[in-house]
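Remarks on the structure that follows.
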Amino acid sequence: MAATKKKKSKSKPKTYKGKSLKPGGGGRFQKLKDKLKGKVKNPGAVAAKIGRKKYGKKKMAKFSAQGRKRAATKKKATKKK
C-alpha cells in the first residue's frame, strides 16, 4: 500500500474578539490592551508604545490607518441595514 498524504484543511484564521491576530489585524493590540487593563492608567497608550518600539513608527501608522479604514467600513455597513 502506498502512503497517503493528508490534506491540509483550511481552518478559520485565529481571532481575538473578532479581530485578526495577524500583524495589523488589531487582535494582538486588543489582547495586549486587555492584559494591561487594571495594571496601568492608559493601556492603549502603553500598547501603542510597545508596538512602535517593535514595528517602528511607519509600520504602526500603517496598521492604525488600516484599523481606522476597517472601522469606517463596518460603520457604513451597519448604517445601511
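Every read-out reported here was derived from the displayed coordinates using simple, explicitly stated rules and does not represent laboratory data. Values in this document were obtained by computation on a predicted structure and should not be read as measured data.
From Cα pairs below 8 angstrom and at least 6 apart in sequence, can you work out the relative contact order of segment 20-80, rounded to a whole percent?
33 percent
Which entries of Lys31/Lys75; Lys39/Lys79; Lys33/Lys62; Lys12/Lys62 show an alpha-carbon separation above 28 angstrom in the structure shown? Before the final figure, lay out the partial values.
Working: Lys31/Lys75 22 Å; Lys39/Lys79 36 Å; Lys33/Lys62 19 Å; Lys12/Lys62 25 Å.
Violating the 28 Å Cα-Cα cut-off are Lys39/Lys79.
The Cα atoms of segment 20-80 give a gyration tensor whose axes a ≥ b ≥ c have a/c of 1.5 or more with a/b no greater than b/c, which makes the shape oblate.
So how much slack lies between Ala77 and Lys31, counting 0.36 nm per residue of separation and subtracting their Cα-Cα distance, in nm? Don't jump to the answer; show the numbers that get you there.
Working: separation 46, 0.36 × 46 = 16.56 nm, distance 2.52 nm.
In short, 14.0 nm is gained.
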